[in-house]
Amino acid sequence: MNALFDLSGKTALVTGASRGLGFEMAKALCEAGATVYFNGRTQTTLETAIQNIPNAKASAFDITDSSAIAPILSDLGPLDILVNNAGGRDRRNVDEFDLGDVRKLLDSNLVAPFELSRQVARHMPVGGRIINVTSIAGDIARAGDAIYTASKAGLTGLTRALAAELGPRGINVNAIAPGFFATKANQSMVEDETIAAFLKMRTSLQRWGTPEEIAGACLFLASAASSYVTGQVLTVDGGLRAHF
């Protein structure tokens, strides 16, 4: 492996890593030599997911439970890499939300990454990496998705703010903004021919992304290859935002 991408001796935590994009990013870090804690809510699900993956460990906890975070992170020890991937989505029109629903989504998509980043950064060594998984919805919007869009825009802003604050400590903070990925969670959309036609017209690569195609972006931002990159959002969308 190219030394720039070698993560041997590094320790990482990837939230929401039992499946989908989180799983692929965590797996890629393992394959680069890091010891990686795969996070999710259910220990047995995680243990099943990480079978046969070298350097993989299961760490089940709810990222929105702020009282649980500190003792869990203490058990894990200092982390070199944190990937804030876990989050939620609630597609409804704005008039259908009550404020409790709004706060719940903001808690999972913005408050939890803030608290995890803050606590991890306190013990993160020089050369540490924080990677927030936002979305192309952080910059562009569609009807019926207002709170998710707002939360991801907030996460983009948090990425830049943390980069400014943690840079003097030698910690790089960046984000990945995925576009349309054919995950199991999106299966009904993947099977929708109208969406396939939209992507063919609207993206440069004319297709859905496969979950494995997020891994390279994460590995780049987690490794020495991105040593002078901070405060940035790496868009991985097949050219959707570049394609007019």
*Checking Thr159 against (1) in contact with a strand residue (DSSP E or B) (Cβ under 6 Å, 6 or more places away or on another chain); (2) under 30 Å from Ala196 (Cα atoms); (3) of a type outside the set (A, V, I, L, M, F, W, C), which test does it fail?*
(2)
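Just to check your reading of the model, which residue among Thr159, Thr230 is among the polar types (S, T, N, Q), at pLDDT 95 or above and in a loop (DSSP other than H, G, I, E, B)?
Testing whether each residue is among the polar types (S, T, N, Q), at pLDDT 95 or above and in a loop (DSSP other than H, G, I, E, B) leaves just Thr230.
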*State whether the residues of region 6-22 include one that is buried (at least 23 other Cβ atoms within 10 Å of the Cβ), more than 14 Å from the chain's Cα centre (by Cα) and not hydroxyl-bearing (Ser, Thr, Tyr).*
yes
_Checklist (1) more than 17 Å from Thr235 (Cβ to Cβ); (2) free of Cβ contacts under 8 Å to residues at least 24 places away in the same chain; (3) among the charged types (D, E, K, R) applied to Arg142, failing item_ = (1)
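So if I check each of Ile147, Ile171, which one is among the β-branched types (Val, Ile, Thr) and more than 19 Å from Gly231 (Cα to Cα)?
Going through Ile147, Ile171 in turn, just one is among the β-branched types (Val, Ile, Thr) and more than 19 Å from Gly231 (Cα to Cα): Ile147.
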*Restricted to region 53-72, and to residues that are of a type in the set (A, V, I, L, M) and farther than 19 Å from Met25 by Cβ, which residue is nearest to the chain's Cα centre (by Cα)?*
Ile69
*Filter region 115-135 down to residues that are in contact with a strand residue (DSSP E or B) (Cβ under 9 Å, 6 or more places away or on another chain) and either closer than 22 Å to Phe61 by Cβ or surrounded by 19 or more Cβ atoms within 10 Å (Cβ to Cβ) (or both), then give me how many there are.*
13
*Please work out which residue is surrounded by the fewest Cβ atoms within 10 Å (Cβ to Cβ), limiting yourself to region 136-147 and to residues that are of a type in the set (A, V, I, L, M, F, W, C) and at pLDDT below 90.*
Ala143
*Which of the residues that make up region 181-237 are hydroxyl-bearing (Ser, Thr, Tyr) and either closer than 21 Å to Arg19 by Cα or touching a Pro at 6+ places or on another chain (Cβ under 7 Å) (or both)?*
Thr183, Ser188, Thr210, Thr235
*Scan Asp95, Asp62 and give me the residue that is under 26 Å from Leu219 (Cα atoms) and surrounded by fewer than 19 Cβ atoms within 10 Å (Cβ to Cβ).*
Asp62
*Considering region 42-70 alone, what residues qualify as being more than 18 Å from Leu110 (Cα to Cα), at pLDDT 95 or above and of a type outside the set (A, V, I, L, M)?*
Thr42, Gln43, Thr44, Thr45, Glu47, Thr48, Gln51, Asn55, Lys57, Ser59
_Scope region 108-147; condition outside any helix (DSSP H, G or I) and over 13 Å from Asn172 (Cα atoms); matching residues_ = Arg122, His123, Val133, Thr134, Ser135, Asp139, Ile140, Ala141, Arg142, Ala143, Gly144, Asp145
*Go through Glu193, Glu212 for me and flag whichever is farther than 18 Å from Asn84 by Cβ, surrounded by fewer than 18 Cβ atoms within 10 Å (Cβ to Cβ) and in contact with an Asp or Glu (Cβ under 6 Å, 6 or more places away or on another chain).*
Glu212
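The values are calculated or read from the model by the stated rules, or taken from the named source; none is laboratory data. Quick caveat, the model's predicted, so the values are computed rather than measured. All Cβ positions, even for glycine, are placed from backbone atoms using ideal geometry, and neighbour counts span all protein chains on display.
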